[in-house]
1. So for segment 11-27 (the condition being assigned to a strand (DSSP E or B) and either out of contact with any His (no Cβ under 9 Å at 6 or more places or on another chain) or modelled with pLDDT of 95 or more (or both)), does at least one residue qualify?
2. Would you point out the residue of segment 82-104, among those that are under 17 Å from R43 (Cα atoms) and in a helix (DSSP H, G or I), that is farthest from the chain's Cα centre (by Cα)?
3. Whether any residue in segment 91-99 is open to solvent by 70 Å² or more (accessible area, probe 1.4 Å) and within 23 Å of M1 (Cα to Cα) is what I want to check.
4. Checking S64 against (1) modelled with pLDDT of 95 or more; (2) open to solvent by less than 60 Å² (accessible area, probe 1.4 Å); (3) over 12 Å from the mean Cα position of the chain (by Cα); (4) among the small types (G, A, S), only one condition comes out false. Which one?
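The values are calculated or read from the model by the stated rules, or taken from the named source; none is laboratory data. The structure presented is a predicted model; accordingly, all values stated were derived computationally and were not measured. Every residue, glycine as well, gets a Cβ built from its backbone with ideal geometry; the counts of neighbours run over all protein chains shown. Remember, those area values only see protein heavy atoms, side chains included, never the ligands or the DNA or RNA. Shrake-Rupley method; radii C 1.70, N 1.55, O 1.52, S 1.80 Å.
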Amino acid sequence: MPFVELDTSLPAERLPPGLAQTLCAATADILGKPADRVNVTVRSGLAMVLSGSAEPCAQLVVSSIGVVGTAEQNKEHSARFFDVLTAQLGLSPERIVIRFNPVEAWQIGKNRTVMTFL
């Protein structure tokens, strides 16, 4: 059950229509998870500083069970997420950062229980 959170200083009107759905489909493909398990949040117009600069930027946080726990996995995921983000946001790779958070099934609640029991 991946969670993807995109924070950007770009104003909402500069984001492509359907960006959340695009990120959902891309995440499902990149992580090999069903799209109906992917959760996406997009926050725009934020006051952000990346690498000491307030130029337009974005930060993506990817949390998931079992598929973001190694450097080898995340190196491949990173390249693919950067391809999507640079195309969708019109930002250079230097203005984007990605943080991967591996989570355990017992850390995600759903349907009045945790994923361990689903």
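1. Among the residues of segment 11-27, not one is assigned to a strand (DSSP E or B) and either out of contact with any His (no Cβ under 9 Å at 6 or more places or on another chain) or modelled with pLDDT of 95 or more (or both), which makes the answer no.
2. If we filter segment 82-104 for residues that are under 17 Å from R43 (Cα atoms), which is where we start, we get 84-86, 88-91, 95-99.
With the extra rule that they be in a helix (DSSP H, G or I), the set shrinks to 84-86, 88-89, 95.
On the way: V84: 10, L85: 9, T86: 13, Q88: 13, L89: 13, R95: 15 Å.
Selected residue: R95.
3. Checked against the condition, which is being open to solvent by 70 Å² or more (accessible area, probe 1.4 Å) and within 23 Å of M1 (Cα to Cα), segment 91-99 yields at least one hit.
4. Of the numbered conditions (1) modelled with pLDDT of 95 or more; (2) open to solvent by less than 60 Å² (accessible area, probe 1.4 Å); (3) over 12 Å from the mean Cα position of the chain (by Cα); (4) among the small types (G, A, S), the odd one out for S64 is (3).
A quick yes/no check of all residues on (1) in contact with a Lys or Arg (Cβ under 7 Å, 6 or more places away or on another chain); (2) modelled with pLDDT under 95; (3) charged (D, E, K, R); (4) under 16 Å from E104 (Cα atoms):
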residue	(1), (2), (3), (4)
V40	no, no, no, no
S51	no, no, no, no
V68	no, no, no, yes
E72	no, no, yes, no
